[in-house]
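Below is one structure, written out as structure tokens; the observations come after it.
The values are calculated or read from the model by the stated rules, or taken from the named source; none is laboratory data. Keep in mind the model is a prediction, meaning the values are calculated, not measured. Here the Cβ is made from the backbone with ideal geometry for all residues, glycine too, and neighbour counts use every protein chain on show.
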Amino acid sequence: MGGKTWAHVFLCASMFWMCSAAAAHTNVAVATNFRLTTAALVQAYMQQSQHQVTIISGSTGKLYTQILHGAPFDLFLSADQTRPLQLVESGLAVAASRKTYAYGRLVLLGNRTVNLNSLTQGDFHHLAIANPKLAPYGVAAMQTLDYLGLSHQAQSKLVLGDNVGQAYAMVVTGNADLGLVAKSVVRVEDQANTWQIPISYHQPILQDLVMLTAGADNDAAQGFAAFVLSRHGQAVIEAFGYGTTNR
Amino acid sequence: MIEWSAIILTLQLAAFSTTILLLLGTPLAWWLATTARRSKPTIEALTALPLVLPPTVLGFYLLILLSPSSAIGGFWLSLTGSTLTFSFSGLVIASVIYSLPFMVQPLHSAFESLGRAPLEAAASLRASPIDTFFSIVIPQCRRGFLTAIVLSFAHTLGEFGVVLMVGGNIPGRTRVISIAIYEHVETLNYGQAHALAALLLVFSFVVLLVVYTTNKKSVVRIA
């Protein structure tokens, strides 16, 4: 083997090493309502970066518990402000990185076109919501029922999904005739069967992200968090039906 | 504070399912033990499917089958005015399917090991098949019956994945012990999770201990 060939091998090997050093990988924990949006964000992010992002989704409460038990996540996109704050207080997240990335919207979803009367007239068998103990959208759903004075009547008709995605599936499969879910999880073909809940019916759904201490030095996680908060990222988020600080 | 509603509901579900399974599983196991038909392996395979399939597969199909927009779920809705999913009846159907092999397989092998001889002897004494079944087969196969009943009951107590998908976590109706434990763990209520988990652990151990002890005794007695 000539000296030139060796030089090639060295060059290739060092380029490979440099690339793998530059292209970091990150695990991002995402509340279910934001899963589809995150997938779109990752796709956009990959066009401008070599970093790899893996999405792990679940209810906010479930992910929070997993993080407390040392789950290998670098960044947490929560559906509330409480859990990120609690993680900061217990030293598992970086205080300065906590930012609101989206304002959630709640919709009433049915098997056919719905409006407020569908809910208030009580002519339904089951109302699917996310478990309020685990999912902020479940909390907003309960607040909405309280606001409308329906919490007592609706109590016996409530069915709880493990997260907002399961509550959505319960309605789409026809098992529940109504649901209160995140606007962002509703697929295009079901959007005609939704009615947006006025934001005055419940506490604002402020969704915060936070860098976890374990992933604080992860370039991919930092880059992705910055992208989510960037003008480009926020535009993607708005397209999925969220409010942002832009408007 | 122990969640009695979840415990009572779980015991009711296991009792209902086991009773239905006994009524359905006994003729099925008898047919499997005595038939010479070519369809036997197919029926055997179908019966054993819940052993192999992930609960999510069963849960997914049940979510679709029991839905009011399907034929079965729609018929039930028009009959009773309530849906099958998110109901106790739906959970009973799910548990019957989920625990079917635990009823059929012990009975099947008990019937097979009984052999043809006692049946032929009874027939030669002009006992009717029904009479033979109640006075020969059931007493001779009581260990098989006990094992089948206990395993079906215990397996239904431990049902989780299917209920998570078709139950809807309704207190007093579909919130069984396993779902309650899951939620307590997720919400960091370890005290309550511990109470229910320990109860289930002790109960399951005692049940199995009883089965193995009685099985051993009857072996001794027969020998």
Which condition breaks for A:A169 when tested against (1) part of a helix (DSSP H, G or I); (2) of a type outside the set (V, I, T); (3) at pLDDT 95 or above; (4) touching a strand residue (DSSP E or B) at 6+ places or on another chain (Cβ under 9 Å)?
-> (3)
For residues in the range A:132-143 being surrounded by fewer than 24 Cβ atoms within 10 Å (Cβ to Cβ) and assigned to a helix (DSSP H, G or I), which is farthest from the other protein chains (Cβ to nearest Cβ)?
-> A:Q143
Tell me, which residue of the range A:1-59 that is aromatic (F, W, Y) and at pLDDT 95 or above is surrounded by the most Cβ atoms within 10 Å (Cβ to Cβ)?
-> A:F34
Here are B:T56, B:T83, B:T42: which of them is within 14 Å of another protein chain (Cβ to nearest Cβ) and either in contact with a Phe, Trp or Tyr (Cβ under 6 Å, 6 or more places away or on another chain) or free of Cβ contacts under 8 Å to residues at least 40 places away in the same chain (or both)?
-> B:T83
Could you look through the range A:72-104, keep only residues that are charged (D, E, K, R) and crowded, with 20+ Cβ neighbours inside 10 Å, and pick out the one that is farthest from the other protein chains (Cβ to nearest Cβ)?
-> A:D74
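Here's the yes/no breakdown for (1) under 23 Å from A:N163 (Cα atoms); (2) modelled with pLDDT of 90 or more:
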position: B:A122; (1), (2): no, no
position: B:R126; (1), (2): no, no
position: B:R143; (1), (2): no, no
position: B:G168; (1), (2): yes, no
position: B:P171; (1), (2): yes, no
position: B:I177; (1), (2): yes, yes
position: B:H194; (1), (2): no, yes
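Results for (1) within 28 Å of A:L87 (Cβ to Cβ); (2) outside the structural domain of A:A39 (by TED's automatic domain parsing); (3) out of contact with any strand residue (DSSP E or B) (no Cβ under 8 Å at 6 or more places or on another chain); (4) in contact (Cβ under 8 Å) with a residue 60 or more places away in the chain, shown as yes or no for each residue.
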| site | (1), (2), (3), (4) |
| --- | --- |
| A:K157 | no, yes, no, no |
| A:D177 | no, yes, no, yes |
| A:L180 | yes, yes, no, yes |
| A:V188 | no, yes, yes, no |
| A:V210 | yes, no, no, yes |
| A:A214 | yes, no, yes, yes |
| A:F227 | yes, no, yes, yes |
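Could you please give the count of residues in the range A:144-166 that are among the acidic types (D, E) and outside any loop (DSSP other than H, G, I, E, B)?
Restricting attention to the range A:144-166, the residues satisfying the condition of being among the acidic types (D, E) are A:146, A:162.
Still in the list and also outside any loop (DSSP other than H, G, I, E, B): A:146.
Here the count works out to 1.
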Output the residue which, of all residues in the range A:162-182 that are surrounded by 24 or more Cβ atoms within 10 Å (Cβ to Cβ) and small (G, A, S), is nearest to A:R105 (Cα to Cα).
-> A:A182
Members of the range B:158-179 that are more than 10 Å from chain A (Cβ to nearest Cβ) and surrounded by fewer than 23 Cβ atoms within 10 Å (Cβ to Cβ) | B:G158, B:F160, B:G161, B:S178
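Can you pull out the residues in the range B:66-75 that are within 12 Å of chain A (Cβ to nearest Cβ) and either under 20 Å from the mean Cα position of the chain (by Cα) or of a type in the set (V, I, T) (or both)? Steps first, answer last, please.
Our first condition is that a residue be within 12 Å of chain A (Cβ to nearest Cβ); within the range B:66-75, this holds for B:66-70, B:73-74.
If the condition is that a residue be within 12 Å of chain A (Cβ to nearest Cβ) and either under 20 Å from the mean Cα position of the chain (by Cα) or of a type in the set (V, I, T) (or both), then B:L66 is the only one that fits.
For B:L62, are the conditions met, namely being surrounded by 15 or more Cβ atoms within 10 Å (Cβ to Cβ), touching a residue at least 24 places away in the same chain (Cβ under 8 Å), of a type outside the set (D, E, K, R) and farther than 19 Å from B:F153 by Cα?
Details: surrounded by 15 or more Cβ atoms within 10 Å (Cβ to Cβ): yes; touching a residue at least 24 places away in the same chain (Cβ under 8 Å): yes; of a type outside the set (D, E, K, R): yes; farther than 19 Å from B:F153 by Cα: yes.
Yes, satisfied.
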State whether the residues of the range A:111-130 include one that is without any contact (Cβ under 8 Å) to a residue 40 or more places away in the chain and of a type in the set (G, A, S).
-> yes
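Select the helices (runs of 4 or more DSSP H) contained entirely in the range B:45-134, then report the ones holding at least 3 residues which are closer than 16 Å to B:G161 by Cβ, touching a helix residue (DSSP H, G or I) at 6+ places or on another chain (Cβ under 9 Å) and among the hydrophobic types (A, V, I, L, M, F, W, C).
Details: elements: B:55-65, B:71-80, B:88-114, B:117-124, B:129-132.
Output list reads B:55-65, B:88-114.
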Which residues, taken from the range A:118-131, are buried (at least 22 other Cβ atoms within 10 Å of the Cβ) and either more than 14 Å from every other protein chain (Cβ to nearest Cβ) or basic (K, R) (or both)?
-> A:L119
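How many residues does the range A:208-236 contain that are farther than 17 Å from A:M46 by Cβ and in contact with a helix residue (DSSP H, G or I) (Cβ under 7 Å, 6 or more places away or on another chain)? Before you say what the answer is, go through the steps one by one.
Of all residues in the range A:208-236, those farther than 17 Å from A:M46 by Cβ come to A:208-217, A:229, A:231, A:234.
If we keep only those that are in contact with a helix residue (DSSP H, G or I) (Cβ under 7 Å, 6 or more places away or on another chain) too, we end up with A:208-212, A:215.
Counting residues in the range A:208-236 that are farther than 17 Å from A:M46 by Cβ and in contact with a helix residue (DSSP H, G or I) (Cβ under 7 Å, 6 or more places away or on another chain) gives 6.
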Might you let me know whether the range B:2-20 holds any residue that is away from chain A (no Cβ under 14 Å), surrounded by fewer than 14 Cβ atoms within 10 Å (Cβ to Cβ) and either assigned to a loop (DSSP other than H, G, I, E, B) or in contact with a Ser or Thr (Cβ under 6 Å, 6 or more places away or on another chain) (or both)?
-> yes
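Do you know which of the residues in the range A:155-168 that are touching a Leu at 6+ places or on another chain (Cβ under 8 Å) and closer than 24 Å to A:K62 by Cβ is nearest to the other protein chains (Cβ to nearest Cβ)? Talk me through it step by step, then tell me what you get.
Filtering the range A:155-168 down to residues touching a Leu at 6+ places or on another chain (Cβ under 8 Å) leaves A:157-159, A:162-163, A:167-168.
Filter again for closer than 24 Å to A:K62 by Cβ, leaving A:158-159, A:162-163, A:167-168.
Numbers: A:L158: 7, A:V159: 3, A:D162: 7, A:N163: 10, A:A167: 9, A:Y168: 13 Å.
Checked the range A:155-168; the qualifying residue nearest to the other protein chains (Cβ to nearest Cβ) is A:V159.
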Is there any pair linking a residue in the range A:42-71 that is within 14 Å of another protein chain (Cβ to nearest Cβ) and without any contact (Cβ under 8 Å) to a residue 24 or more places away in the chain to one that is of a type in the set (K, R) and surrounded by 20 or more Cβ atoms within 10 Å (Cβ to Cβ), with Cβ under 6 Å and at least six apart or on different chains, and which?
-> A:Y64/A:R83
